[in-house]
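Take a look at the structure set out below.
The values are calculated or read from the model by the stated rules, or taken from the named source; none is laboratory data. Everything quoted here is computed from the prediction, not taken from an experiment. Every residue, glycine among them, receives a Cβ derived from its backbone with ideal geometry; neighbour counts consider all protein chains shown. Note: accessible area is taken over every heavy atom of the protein model, side chains too, but ligands, DNA and RNA are not part of it. Shrake-Rupley method; radii C 1.70, N 1.55, O 1.52, S 1.80 Å.
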Amino acid sequence: MPEGRAGRSARSSDHKLVRLFKGTEQLYDLQSDPYGTVDLLGAGGLADGDLEAYQALSDYLDQIAAKAEQ
């Protein structure tokens, strides 16, 4: 894996959140962009459904990180 590309990801039925260890996050809407080419976080403001998905997936990744540190 290339340097700086390691991280964690989580997905729901329609969104995927990638959190790289270097601190970058990427959010994809897999319903409208099934190949994950448009990073919604880099594209500007999030629609309500995208924001809710981001918050839920981010919380989940935080829980995983907390368990990994134990």
Charged-residue dipole, Cβ positions (Lys, Arg, Asp, Glu), the chain about Cα centre, Debye nearest 20
380
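I'd like the FRET efficiency for residue 39 and residue 66, computed as 1/(1 + (r/R0)^6) with the beta carbon distance as r and R0 of 22 Å, rounded to 0.05. All intermediate terms of the calculation are to be shown ahead of the outcome.
Numbers: r = 25 Å, r/R0 = 1.15.
For residue 39 and residue 66, the calculated efficiency is 0.30.
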Projected onto the charge dipole of the chain (unit charges on the beta-carbon of Lys, Arg, Asp and Glu, signs +1, +1, -1, -1), the Cα from 30, 6, 58 with the largest positive-side position is that of 6
Kindly write out, for the range 48-59 in residue order, the coupling ³J(HN,Hα) from the Karplus curve 6.51 cos²θ - 1.76 cosθ + 1.60 (θ = phi - 60°), rounded to whole Hz, with x marking Gly and Pro.
3, x, 5, 5, 4, 5, 4, 5, 5, 5, 5, 4
In the Gaussian network model of the chain, springs joining C-alpha atoms below 10 Å, which of 45, 36, 23 carries the largest mean-square fluctuation?
23
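Skip the ligands, DNA and RNA, and give the accessible area per residue of the chain with a 1.4 Å probe, whole Å². Please list the in-between numbers first.
Working: 4840 Å² over 70 residues.
On a per-residue basis, 69 Å².
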Given a cut-off of under 8 Å on Cα pairs at least six residues apart, what relative contact order in percent is computed for the chain?
25
Given that just one value was derived from the coordinates, which of (i) -0.29; (ii) -0.45; (iii) -0.26 is log10 I(q)/I(0) by the Debye sum over Cα atoms at q = 0.11 Å⁻¹?
(iii)
Could you tell me what percent of the accessible area of the chain is made up of carbon and sulfur, with a 1.4 Å probe and every protein chain present?
48
